[in-house]
1. Quick one: in the range 288-311, of everything that is crowded, with 19+ Cβ neighbours inside 10 Å and farther than 23 Å from Ser214 by Cα, which residue is farthest from the chain's Cα centre (by Cα)?
2. Return yes when Ala172 is in a helix (DSSP H, G or I) and out of contact with any Cys (no Cβ under 7 Å at 6 or more places or on another chain) and no when it is not.
3. Is there a residue being closer than 30 Å to Thr220 by Cβ and either of a type in the set (Phe, Trp, Tyr) or surrounded by fewer than 24 Cβ atoms within 10 Å (Cβ to Cβ) (or both) anywhere in the range 140-149?
4. Taking the range 199-235 on its own, how many of its residues are aromatic (Phe, Trp, Tyr) and in contact with a strand residue (DSSP E or B) (Cβ under 7 Å, 6 or more places away or on another chain)?
5. Looking at the range 205-229, which of the residues that are under 22 Å from Ala272 (Cβ atoms), of a type outside the set (Lys, Arg) and modelled with pLDDT of 95 or more is surrounded by the fewest Cβ atoms within 10 Å (Cβ to Cβ)?
6. Exactly one of (1) within 23 Å of the chain's Cα centre (by Cα); (2) surrounded by fewer than 17 Cβ atoms within 10 Å (Cβ to Cβ) is unmet by Glu62. Its number?
7. List the residue pairs whose Cβ atoms are under 6 Å apart, where the first residue sits in the range 161-178 and is buried (at least 24 other Cβ atoms within 10 Å of the Cβ), the second is part of a strand (DSSP E or B) and small (Gly, Ala, Ser), and the two are 6 or more positions apart or on different chains.
8. Mind checking which residues of the range 336-360 are assigned to a helix (DSSP H, G or I) and without any contact (Cβ under 8 Å) to a residue 24 or more places away in the chain?
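The values are calculated or read from the model by the stated rules, or taken from the named source; none is laboratory data. Bear in mind the structure is a predicted one, so any value in this text is a computation, not a measurement. Here the Cβ positions follow ideal geometry from the backbone for every residue, glycine too, while neighbour counts run over all protein chains shown.
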Amino acid sequence: MRKSVLVVMIVFLVLGITVSAFSQGSITVNPEIPDIEVIDEDIYGNKAVSVKELELTPEDIEKIKEGNYTAALAMHYTGTDYMRANIEGLQDTFAKMGVEVIATTDAQFSAEQQISQVETLLAQSPDIIVAVPVEAGATSRVFRQAANMGIKLVFMDGLAANMKPGEDYIGAGTGDNAGLGTQAAHLLAEKLNEKGKVGVIFHDADFHVTQQRSDAFEKTILEEYPDMEVIARGGIQNANDGEQVASAMLTRYPNLDGIFVVWDVPAEGAAAAAKSMGREDLIITTTDLGKPAALEIANEKNIQALAAQLPYDQGVAEAILAGYGLLGKEDIPPYVTAPALPVTKDNLLESWKLVYREEAPEEIKEALNK
């Protein structure tokens, strides 16, 4: 009996070593990502595929390395923890693939600036461009120009207008935005004991992914929480508008119990507005796990919970999509997303490590230990 058990243990150890060695040679996203269902769809109705299903084998990687390919990253804004982690995931993965990243641009939410930047990138003839279109319609022309040049396009967090996956671009990667809005609604409902009047601060731009968050939040409140009501809405044009919009909202609706803000940076502004108006009791939920929002949660301030994306692993997935395009693979998923991770004070440290693949900053740890 003991001998049989020992044989089984040895078999499992050998299998474990084999699997470990294979996974080290392959490129995949973090296997520790929870198996949370993704619910997003792109603008064409393509249901999202989880990033956990993507993989480049060692053979794939060797073929890509032989091409000596180059890539450029055309970002809409790089000034958040989320974007920095996503870019890091792209850069690290392209390095493993032997793809040189020759440029990273930051359009600062300006479509005009992005068009100019992409035109400069086109002059460098990269094999791949990974891009976040600032505005779907305004930037479409320059991305179509890239596609016509034979450049492999991967979109991130949004699409350029009138471009279709498998024809004009390889695919798109993002977080599960409908899932983010849904999770944020559940978290706010839990904090408010499933009753109260709430506001929504949405992104007033032609940006599909942020619209999905707000729409999913409102849909969840309407359909699942009969004693909660969305009574106020305010739109932001950029990340710095949160305080002004929240201040106006709270002035007009002083009886608000909570606010959903479409992502963490404007949520920080909304929290500042609440504090300046003596509304320490106002509960805010949002999306994306940045350090200031994490400190709010740790210190039990206005931002008390959020739904996090997994930006590093989204970057890994977007690089894998680019690799699929370089290899000419068929049946490439047109839309891939990482699951939406609910974050509260109770799981803040674990969530930070999963999101950023590193320990939380000491400042956050100290706040939790008070």
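1. For the range 288-311, the residue satisfying everything is Ala298.
2. Spelling it out, it is not the case that Ala172 is in a helix (DSSP H, G or I) and out of contact with any Cys (no Cβ under 7 Å at 6 or more places or on another chain).
3. Scanning the range 140-149 turns up no residue that is closer than 30 Å to Thr220 by Cβ and either of a type in the set (Phe, Trp, Tyr) or surrounded by fewer than 24 Cβ atoms within 10 Å (Cβ to Cβ) (or both).
4. Total satisfying the criteria: 2.
5. Step by step, filter the range 205-229, then rank; the result is Ser214.
6. Against the list (1) within 23 Å of the chain's Cα centre (by Cα); (2) surrounded by fewer than 17 Cβ atoms within 10 Å (Cβ to Cβ), Glu62 comes up short only on (1).
7. Qualifying pairs under 6 Å: Gly175/Ala338.
8. Across the range 336-360, the qualifying residues are Asp346, Asn347, Leu349, Glu350, Lys353.
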